[in-house]
Amino acid sequence: MTLVDCGSYCDYYLAWEQVFKTHPDHPILIVKYEDCIQDLPGNLRKIAGFLGHPLAEDKIQAMTTALSFHSMKRHFQVTLTEELIRKGEVGDWVNWLTEDQSADLDKLCENLKDSHFEPTY
């Protein structure tokens with residue numbers, strides 16, 4: 001395992017898992033990138049409801065368009081000189097890692113199984 005200045009990815013999320021267990025009455029909303037890719041309008045409704053500010057459907061649709069991966073990529077390509085945003089596809093990371101790196105990541109994330117932060121890819 002490689003040590004980094006900011007600590008382990010899994011340790012960070014396991015610390016948040018402890019917050020859920022210790023303070024079950026404290027409102028915390030988890031929004032995953034993968035879920036937003038699958039259903040952005042639904043997640044916008046979920047976030048707005050959680051914040052106590054439901055949005056009209058026309059606002060949801062406008063936000064869905066503005067926050068879409070393709071819209072954001074176009075915006076960043078205009079404002080940045082190097083490509084920062086790749087494909088916006090869930091699971092594309094497997095195309096960037098070796099099999100050994102992928103296996104290491106799977107092993108590292110075993111600790112997150114059955115938590116609120118279990119990876120979905």
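What follows is calculated from the coordinates using simple rules that are stated; it is not laboratory data. A quick note: this is a predicted structure, and the numbers were derived from the prediction, not measured. No Cβ is skipped: glycine too gets one built from the backbone with ideal geometry, and neighbour counts run over all protein chains shown.
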Q) Using the beta-carbon distance between Asp11 and Thr65 and R0 = 30 Å, what value does 1/(1 + (r/R0)^6) give for FRET efficiency, to the nearest 0.05? A) 0.20
Q. So which of Lys21/Lys46; Lys32/Lys59; Lys32/Lys107; Lys21/Lys59; Lys21/Lys107; Lys73/Lys107 end up more than 28 Å apart, counting from Cα to Cα?
A. Lys21/Lys59; Lys73/Lys107
Q: Starting from the Cα-Cα distance between Lys73 and Asp114, subtract it from 0.36 nm times their residue separation and give me the gain in nm to one decimal.
A: 11.5 nm
Q. What list of ³J(HN,Hα) values in whole Hz, one per residue of the stretch 108-114 in order, does the Karplus curve 6.51 cos²θ - 1.76 cosθ + 1.60 (θ = phi - 60°) give from phi, with Gly and Pro shown as x?
A. 4, 7, 4, 5, 8, 4, 6
Q: Show the residues, 5+ positions off or on another chain, whose built amide H is closer than 5 Å to the amide H of Ser115.
A: none
Q. Tell me, what HN-Hα J-couplings in whole Hz come from the Karplus equation 6.51 cos²θ - 1.76 cosθ + 1.60 at θ = phi - 60° for each residue of the stretch 5-12, using x for Gly and Pro?
A. 4, 8, x, 6, 3, 5, 4, 4
Q | For the stretch 37-52, 3J(HN,Hα) per residue [Karplus equation, 6.51 cos²θ - 1.76 cosθ + 1.60, θ = phi - 60°, Hz, x = Gly/Pro] | A | 5, 6, 8, 5, x, x, 6, 5, 4, 4, 5, 4, x, 4, 7, x
Q | Rounded, prolate or oblate (a/c below 1.5 giving rounded, otherwise prolate when a/b exceeds b/c) for the stretch 9-112 by Cα gyration tensor | A | oblate
Q: Treat each spin label as a single point 7 Å out from the Cα along the C-beta direction, and report the Glu34 to Asp106 distance in nm.
A: 1.4 nm
